[in-house]
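The values are calculated or read from the model by the stated rules, or taken from the named source; none is laboratory data. No experiment lies behind these values; they were computed from the predicted model shown. All Cβ positions, glycine included, derive from the backbone under ideal geometry; neighbour counts span all protein chains shown.
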Amino acid sequence: MKNLLDKLAKCSEENNYSVYRIAAMDGDTGETEQIELRKMNACMNSYSVAKAYTMTAIGMLVDDKLLSLDEKITDILAGDYTDIADDRWHQVTVDMALTHRIGLPKNFLDIDAKDPMDFGEDYLAYILQQTLEVDPGTEYIYTDAAYYLLALVVEKRTDMSLDTFLWKRLFTPLGFREVAWSRCPKGHAMGATGLYVRTDDMVKLGVLYLNGGKWNGQQIVSEEWVQTALTHEYEFHKTGYGESYGKGGMLGQMLLVVPEKRLAVAWHGYGVKAVELTRVAALD
């Protein structure tokens, strides 16, 4: 792995990428190596890589028979809102949220690119007062609102916040040391972004999926969910390099899984073009 990290560091330097830290983990031995290219805080914002963690929490609820993918979002959240602007909201399912097929305008509820104060105090009300651009289920339109809604779904079905649930079911079993999640004014974890985590902890989710949902022999999430998530591309998307797949975040964050190498790789940075680093990690 050291050879790979050296290659990634060289690629970063040659392309003048502001990569802070890269971590790699062996899917068979659990051995982890890390390289720090620039001084950084222990935990960094992983931006949309957060969605892969929210998706995993949804999978756990499906495993536990507490949730089905065809349930309607408005039915699950009934009682938490008073009005909606478009009757088509009642057609939106959990699966549609997972695949960004709600019908909202592109990048709706993006707290990283817009002033969050523009959304008011009640983000759920703000979302449901939006008229849908297209019919639910018909078109992929990427929004952070989809995964904010999924974070609320987790809360509704577990009676605990998304991050509290994941501390119990994921972060503690996988040995995460520090995690923080940005919250809306009402105190709900954003779900879509704002996950602050160490690089060498972030990479562990990749190994979990690489190993069919198992960690040190313990089934954390079912193999069936892993296959469902990868088949339907619930946030993990093929990179175009071999069998590798991953989830990126704003400004070049990345969680990458390379099945051929039995390896997962993660990095944090600023303004990084992840494509070239992904190619090196997957093929070199």
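Which condition from (1) touching a residue at least 60 places away in the same chain (Cβ under 8 Å); (2) hydroxyl-bearing (S, T, Y); (3) crowded, with 22+ Cβ neighbours inside 10 Å; (4) not in a loop (DSSP other than H, G, I, E, B) is the one that Y196 breaks?
Of everything listed in (1) touching a residue at least 60 places away in the same chain (Cβ under 8 Å); (2) hydroxyl-bearing (S, T, Y); (3) crowded, with 22+ Cβ neighbours inside 10 Å; (4) not in a loop (DSSP other than H, G, I, E, B), Y196 misses just condition (3).
Do we find a residue being within 25 Å of L162 (Cα to Cα), surrounded by fewer than 18 Cβ atoms within 10 Å (Cβ to Cβ), modelled with pLDDT under 95 and of a type in the set (G, A, S) anywhere in segment 46-69?
no
Can you name the helices (runs of 4 or more DSSP H) wholly within segment 1-80 that have at least 1 residues being over 20 Å from the mean Cα position of the chain (by Cα) and among the acidic types (D, E)?
2-14, 73-76
Could you grab me the full set of residues in segment 120-157 that are under 22 Å from the mean Cα position of the chain (by Cα) and of a type in the set (A, V, I, L, M, F, W, C)?
L124, I127, I141, A145, A146, L149, L150, A151, L152, V153, V154 - these are the residues of segment 120-157 that are under 22 Å from the mean Cα position of the chain (by Cα) and of a type in the set (A, V, I, L, M, F, W, C).
Does segment 235-245 include one or more residues that are closer than 17 Å to L61 by Cβ and buried (at least 18 other Cβ atoms within 10 Å of the Cβ)? Full working, then the answer.
Going through segment 235-245, the residues closer than 17 Å to L61 by Cβ turn out to be 235.
With the extra rule that they be buried (at least 18 other Cβ atoms within 10 Å of the Cβ), the set shrinks to 235.
Yes, segment 235-245 has at least one match.
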